[in-house]
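K.L.:
Sharing a structure, written as structure tokens. Questions coming.
The values are calculated or read from the model by the stated rules, or taken from the named source; none is laboratory data. Quick caveat, the model's predicted, so the values are computed rather than measured. Every residue, glycine as well, gets a Cβ built from its backbone with ideal geometry; the counts of neighbours run over all protein chains shown. With ligands, DNA and RNA removed, areas are computed over all heavy atoms of the protein, side chains included. Shrake-Rupley method; radii C 1.70, N 1.55, O 1.52, S 1.80 Å.
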Amino acid sequence: MKRQVKRLMISAAAVMLVAAPAVHVGAWGSSGHRVIGVAAMRHLPGDLPAFLRTAGAAADVGEYSREPDRWKGAGQPHDRERDTAHFVDMDDQGRVMDARGMTMAELPRLKSEYDAALTRAGLDVDKAGYLPYAVMDAWQNLERDFAYWRVLTAAEAREADPGKQAWYKADRERREALILRDIGVLSHYVGDASQPHHTTIHFNGWAGENPEGFTTSRRTHGDFEGAFTSRVLRLDAVEAAMAPPNVEGFDLRARTAAQLNATLATVTPFYRLEKAGAFKDTDPRGAVFVAERLAAGASELRDFVTAAWRVSAGSSVGWPAVKVAEVEAGRVDPWVSMIGDD
């Protein structure tokens, strides 16, 4: 009963985001990430599992969307390795750090190869950041979750042995909880990829040559995603600005690169708006910019989750590996592959 009450309270909080004039819950790291998760979940297509398309699931993902920020402070090596997952600093031409770095289209297959390439070029890996790899890793993890959920659900429905059926049911429920958490982690990094300051060398005031006289204040980043965003943020405005679904021909690497490049293209417009005073008080120009950026993150998250679900239908999971489609068709018994054969 306590768990049901808690979920109802969380669901009510998510609904209040629509009705409230603004969300006063701290910086982008709280309110922005939370709203991206909630908005995306509220707009999932009908072919995804029903447990995802509930107010409680949206509220849970909203809270889990903050998780990678809440990991901070655990110590080393944890913090150093994970802190640089939240950004990738590109120059104005879309190359990591400067002309020596690669474009998003040129990213090596592995993060270790990325690190090595940057080091060879004389660039600091920790200053460059590795956000695209964090996004791709989180998506691939979610696709695994969905593949296991498909197998467990199909096996539970067909299993005649009560003991085995009970295990399938319990493991499916564990997987559902894990899926919500893992969507939250993906949400966080996709959300970071929609915030202009997380994609640029101009991450906290304009860096280097400054022909338009943009601000160089070291408060630029925090003031934008903190006090201003918390004053103007509205879930209904974010939802209204979301793009139509776009998952046809989904390619993880290309889609990740495209999102980061699209966000990078908003850096100069941000600084022009800042120079014009759009991020003071409750200026409507700034509010529109915030809604558009959060809507971009929510739209991408919705599509990334949808694509992970659909791709999982063609996957194989477990050991020995079983094909999801074979289990769903009732042609394969996945028991050993799911519970393990020691």
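K.L.:
Report, by residue number, each residue of the range 235-284 that is touching a residue at least 60 places away in the same chain (Cβ under 8 Å), within 23 Å of residue 41 (Cβ to Cβ) and open to solvent by less than 50 Å² (accessible area, probe 1.4 Å).
P.N.:
Of everything in the range 235-284, those that are touching a residue at least 60 places away in the same chain (Cβ under 8 Å), within 23 Å of residue 41 (Cβ to Cβ) and open to solvent by less than 50 Å² (accessible area, probe 1.4 Å) turn out to be 235, 238, 239, 242, 247, 250, 252, 256, 259, 260, 263.
K.L.:
Name the residues in the range 198-223 that are under 25 Å from residue 40 (Cβ atoms) and without any contact (Cβ under 8 Å) to a residue 60 or more places away in the chain, would you?
P.N.:
Answer for the range 198-223, where residues must be under 25 Å from residue 40 (Cβ atoms) and without any contact (Cβ under 8 Å) to a residue 60 or more places away in the chain: just 221.
K.L.:
List pairs: first in the range 148-177 and over 17 Å from residue 317 (Cα atoms), second open to solvent by less than 70 Å² (accessible area, probe 1.4 Å) and part of a helix (DSSP H, G or I), Cβ under 7 Å, 6+ apart or cross-chain?
P.N.:
159/168; 164/335; 165/156; 169/156
K.L.:
Listed residues 330, 314, 286; which is in a loop (DSSP other than H, G, I, E, B) and closer than 29 Å to residue 262 by Cβ?
P.N.:
314
K.L.:
Related question: List every residue pair whose Cβ atoms lie under 7 Å apart, where the two residues are 6 or more positions apart in sequence or sit on different chains, the first residue falls within the range 51-71 and is without any contact (Cβ under 8 Å) to a residue 60 or more places away in the chain, and the second residue, located anywhere, is open to solvent by 40 Å² or more (accessible area, probe 1.4 Å).
P.N.:
Qualifying pairs under 7 Å: 55/15; 56/7; 56/10; 58/42; 59/10; 59/13; 71/82.
K.L.:
If you don't mind, another one. Please specify each residue of the range 116-132 satisfying the condition of being in a helix (DSSP H, G or I), open to solvent by 20 Å² or more (accessible area, probe 1.4 Å) and in contact (Cβ under 8 Å) with a residue 12 or more places away in the chain.
P.N.:
117, 125, 126, 127
K.L.:
Find the helices (runs of 4 or more DSSP H) located wholly in the range 18-112 whose residues include 1 or more that are modelled with pLDDT under 95, touching an Asp or Glu at 6+ places or on another chain (Cβ under 8 Å) and within 24 Å of residue 256 (Cβ to Cβ), and list them.
P.N.:
31-42, 78-83
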